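Written below as structure tokens is the structure these notes are about.
The values are calculated or read from the model by the stated rules, or taken from the named source; none is laboratory data. None of the values given here were measured: they were computed from a predicted structure. As a convention, Cβ positions derive from the backbone with ideal geometry for all residues, glycine included, and neighbour counts pool all protein chains shown. Each accessible area value is taken on the protein alone, full model and side chains, heavy atoms only, with ligands, DNA and RNA left out. Shrake-Rupley method; radii C 1.70, N 1.55, O 1.52, S 1.80 Å.
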Amino acid sequence: MINIIGLGPGNIGYCTKLGEKLIYNSEILIGGKRNLDSVNDFEGTKIELGSNLKEIVDYLKANKDKNISIIASGDPSIYGIGKYLSKNIDNKNLNIVSGISSMQYIFSRIHTDMNDLYITSSHGKIPNFDYILQHEKVCMVTDNKIGPNEIAKEILQRNLKKIMVVGENLSYENERITTAPPEEILKIEKFDMNVVVILDEK
């Protein structure tokens, strides 16, 4: 069986009990370096996940008789590796274990409900900001090309009254959450790994 397990937003403490049990019962553990390092007492084989996902798919197909777990930050089905592997591996051999996403985490930290939330991402694409910014409540996973400053500029270009929440390094010791209007966000030159919430100004 191949498990895809969401570790949570970062800190291993947010991994579910089921996810943790499957990890430690695995023969092989695959993941990014940061995620593998967080499971420091795993006794099986660790394989670092690179950018070439096809190689991982080929490896999984060749070792489908083994008990393998792939670990990923957040929830594998929310802009994660779950989509790619579900399309490229026989689903009969695939078990996806949801984790707490960075989106869920940041909403818990700012004491705001996720009802009627529009979720999206800027990973590898140009977002449709005309459509996105029509919504009262948005959460966006960002990348290093379109992040908080670019989002702030798009809001200001449309003369919209919005509040932005930028969550950096969520659940880690160096977590930082900044709540400010777009004008103030633009004064911050650099943000670490982040998720952005956009809310209508009340």
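With a cut-off of 11 Å between beta carbons, the residues surrounding Pro9 carry a summed charge of -1, where Lys and Arg count +1 and Asp and Glu -1. Filter Lys17/Lys46; Lys125/Lys161; Lys83/Lys125 down to the pairs with a C-alpha to C-alpha distance above 22 Å, please. Listed pairs above 22 Å: Lys125/Lys161.
Working note: 222 nm ellipticity from helices only, DSSP H runs with n ≥ 4, each -39,500 (n - 2.57), summed and divided by the residues of the chain, gives -7500 deg cm²/dmol to the nearest 500. Ranked from largest to smallest solvent-accessible area, with a 1.4 Å probe on the protein heavy atoms, Glu175, Glu168, Glu20, Glu48 come out as Glu48, Glu20, Glu175, Glu168. Dipole of the stretch 1-99 computed with +1 at Lys/Arg Cβ and -1 at Asp/Glu Cβ about the Cα centre; of Gly19, Ala72, Asn88, farthest Cα towards the positive end is Asn88. The C-alpha atoms of the stretch 101-198 occupy a region whose extents along the principal axes are 35, 31, 26 Å, arranged from largest to smallest.
For the stretch 126-195, the relative contact order comes to 34 percent (Cα pairs under 8 Å, sequence separation of at least 6). Thinking of the stretch 1-92 as a set of Cα atoms, what percent of all their pairs are more than 23 Å apart? Beyond 23 Å sits 13 percent of the P(r) for the stretch 1-92. Need one number: % antiparallel among DSSP beta bridges in the chain, to the nearest 5. Percent antiparallel among DSSP bridges in the chain is about 45.
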